[in-house]
Amino acid sequence: MDAAELESFREFVDNRSSALLKTAVLLCGGDRHAGEDLLQNALARAAGKWRRIEEPEAYVRRILYRQQVSRWRLKWRGREVTVAEPPETGHAGGAAAGGTDAAAAAELRVVMREALSRLTARQRTMLVLRYFEDLPEADVARLLGCSVGTVRSTTHRSLARLRSLAPELAALGQADAEGRPSRDFSPVEVRP
């Protein structure tokens, strides 16, 4: 990699790593350390082919998804251990008028993160691609190497499992006419 390519790669990492890390953390069920490892591996792979990459973000995202797919296809599956994190604190000095909303939002993020971590890697990946990345079913199927029907059925079962793991989430979003939950219910609400 020459100096110009190295500078281009560094600029890409500086500008896009936070957005890519959010996706990686969600793919790893809210485990920030595993998400950082996933992203680091993806960036290392991209660095080796940097001069041939035309759309770097799409390329790195595809590596993230495929590495996650490879993880769930392994025969051995270790159970993830979740560690409760304290909710984000509001303003110093007590509860303001919006303090209750901020506390409720933080609690919702913790509940969502824990529920996502209890899904299988495949279920989590489907939900992240469909609702966080907002990809159409055909694109998800192409990325994961499966049929559109598999994407639909896995997404449906994943949402049902998410609702059973965290019933308080079911009250937030009712499925619209297309079967997609409202934006309030989507995993986008989880902040890594």
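The values are calculated or read from the model by the stated rules, or taken from the named source; none is laboratory data. A quick note: this is a predicted structure, and the numbers were derived from the prediction, not measured. Neighbour counts are summed over all protein chains in view; Cβ atoms, including those assigned to glycine, are modelled from backbone coordinates with ideal geometry. What goes into the accessible areas is simple: the full protein's heavy atoms, side chains included, and nothing from ligands, DNA or RNA. Shrake-Rupley method; radii C 1.70, N 1.55, O 1.52, S 1.80 Å.
Residues are listed down the side, and each one gets a yes or a no for (1) surrounded by fewer than 18 Cβ atoms within 10 Å (Cβ to Cβ); (2) without any contact (Cβ under 8 Å) to a residue 60 or more places away in the chain; (3) closer than 18 Å to residue 156 by Cβ:
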{"position": "104", "(1), (2), (3)": "yes, yes, no"}
{"position": "116", "(1), (2), (3)": "no, no, yes"}
{"position": "127", "(1), (2), (3)": "no, no, yes"}
{"position": "130", "(1), (2), (3)": "no, yes, yes"}
{"position": "140", "(1), (2), (3)": "no, yes, yes"}
Within the bounds of region 76-92, is there any residue that is open to solvent by less than 50 Å² (accessible area, probe 1.4 Å), modelled with pLDDT of 55 or more and among the small types (Gly, Ala, Ser)?
no
Only residues in region 33-48 that are free of Cβ contacts under 8 Å to residues at least 40 places away in the same chain and among the small types (Gly, Ala, Ser) count as the first member; pair them with residues that are open to solvent by less than 10 Å² (accessible area, probe 1.4 Å) and assigned to a helix (DSSP H, G or I), Cβ under 7 angstrom, at least 6 apart or cross-chain, and list the lot.
42/60; 42/64; 46/60
Region 1-22, residues that are open to solvent by 50 Å² or more (accessible area, probe 1.4 Å) and either of a type outside the set (D, E, K, R) or closer than 30 Å to residue 109 by Cβ (or both):
1, 3, 4, 6, 8, 14, 15, 16, 18, 22
Within region 23-66, residues being of a type in the set (Val, Ile, Thr) and either outside any helix (DSSP H, G or I) or closer than 20 Å to residue 112 by Cβ (or both) number 3
Do we find that residue 163 is open to solvent by 10 Å² or more (accessible area, probe 1.4 Å), modelled with pLDDT of 75 or more and more than 21 Å from residue 61 (Cβ to Cβ) in this structure?
yes
Being without any contact (Cβ under 8 Å) to a residue 12 or more places away in the chain and either more than 17 Å from residue 59 (Cα to Cα) or touching a strand residue (DSSP E or B) at 6+ places or on another chain (Cβ under 6 Å) (or both) is the filter here, so list the residues in region 7-32 that pass it.
7
